[in-house]
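Right, one structure below, let's go through it.
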Amino acid sequence: MKPAVLVFDVNETLIDIESLRPHFERMFGDPQVLREWFNQLVMYSMAITLSGRYTDFFTLGQAALRMTADIRHVDLSEDDLTALADSMGCMPAHADAAAGLQRLLANGFRLVTLTNSPHRDEPTPLERSGLGSYFEHQFSVDGQRAFKPAPSLYTGVAEYLGVAPSDCMMVAAHMWDTLGAQAAGFSGALITRPGNGVLRAPNVPQPTVVASDLLQLNDILEGLS
C-alpha cells in the first residue's frame, strides 16, 4: 500500500557525505578513509546504544576520527577536528534531492526527517543544504538518547505525527535503517547511493522499494495503490 508519510534519513540519503573527501585526502593522504571513518562512526553509534550509553553524533564523529588517526598513526590537530565538524554541518544536497522532494510533495506525501545528528541552536545541516523547507518536521534521535536503528525511534515519529507505523515509509541509503523501521512496522525504501546496496540474506526483511534516487522513488510510489 502507498504510505502517507515518508520519513527520510538525512546523512548520505539527502545530503552528500562525499563532499568531505578533501578533508580525508589532506589528513590521511587517502580520500577513501572517509568511508572507513563513517563506517566506524555508524558501528560505534549502534554499539553505544546496545550498551545503554549515549553521546551525540557529532561528538562521536570526532572521537571516531581520533581513533582512525590512532589506528593509522596520523597526528591530527584541533584545526583538523574543527574543520571536519564545520564541514559536517554544511554538506551539500544530492543533485536529485530538491526535485525529488518537490515531486513527492506534489503527489500528496507528508515529508519528515529522522537523523542521528543532534539539533542545536543553529540551522541544521538539512536547512543549510537548502532542503529544510520541504519537511513539516525534523526529528533527531537526541531526544531519546539512542541511535538508529532502535525501533522506538521510528514508533516515536509515528506517534508524534498521529499516524500508525504502517502509514509510514522509511527512506534511507542504508539498509540497517530500513531494517529498524520495518521492525517498528514501517515499510522501507532503500536509495542505493554510491557505496550502498541491498543485503540479501535468509530471514532478513528486504526493502519494500529499491530506487537509485528520489526521482525514481517518486515514479515507483506513483504506481502503488
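Values quoted throughout were computed directly from the atomic coordinates according to the rules given, and no laboratory measurement underlies them. These numbers were taken from a predicted model, which means no experiment stands behind them. Ideal geometry is used to build each Cβ from the backbone, glycine not excepted, and the neighbour counts take in all protein chains shown.
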Helix by helix, which DSSP H runs in the chain go 24 Å or more along their axis at the Cα atoms and have an average Kyte-Doolittle hydropathy of -0.5 or more?
33-50
What GluC sites (Glu not before Pro) does the stretch 134-225 have in DSSP loop regions with at most 13 other beta carbons within 10 Å?
136
So, with +1 on the Cβ of K and R and -1 on the Cβ of D and E, and no other charges, what is the size of the charge dipole of the chain about its Cα centre, to the nearest 20 debye?
620
Rel. contact order, % - alpha carbon contacts under 8 angstrom, at least six apart, the stretch 17-89
35
Treat every Asp and Glu Cβ in the stretch 1-51 as -1 and every Lys and Arg Cβ as +1, leave all other atoms uncharged, and give the resulting dipole magnitude about the Cα centre to the nearest 20 debye.
140
Net charge over other residues, Cβ less than 15 angstrom from the Cβ of residue 130 (K, R count +1; D, E count -1)
-2
Where the only charges are on Cβ atoms (+1 Lys, Arg; -1 Asp, Glu), what is the dipole of the stretch 1-112 about its Cα centre, to the nearest 20 debye?
620
Could you work out how much longer the chain between residue 163 and residue 51 gets when fully extended? Use 0.36 nm per residue separation minus the Cα distance between them, nm to one decimal.
37.3 nm
If you count the DSSP beta bridges with both ends in the chain, what percent of them are antiparallel, to the nearest 5?
5
Using +1 at the Cβ of each Lys and Arg and -1 at the Cβ of each Asp and Glu in the stretch 17-89, identify which of 50, 33, 81 lies farthest towards the dipole's positive end.
50
Name all residues of the stretch 149-168 having a backbone nitrogen under 12 Å from the label point set 7 Å from the Cα of residue 1 along its Cα→Cβ direction, giving them as ranges.
164-168
Mean separation of Cα contacts under 8 Å (at least 6 apart) over the residue count of the chain, i.e. the relative contact order in percent, is 25
At 7 Å along the Cα-to-beta-carbon direction for both residue 77 and residue 144, put a label point, then send me their distance in nm to one decimal.
4.1
Extension gain residue 85-residue 133, at 0.36 nm per residue separation less the Cα-Cα distance, in nm?
14.9 nm
State which stretch of the chain is the longest one without any exposed trypsin sites (Lys or Arg not before Pro), exposure meaning a DSSP loop state and at most 14 other Cβ atoms within 10 Å.
54-119
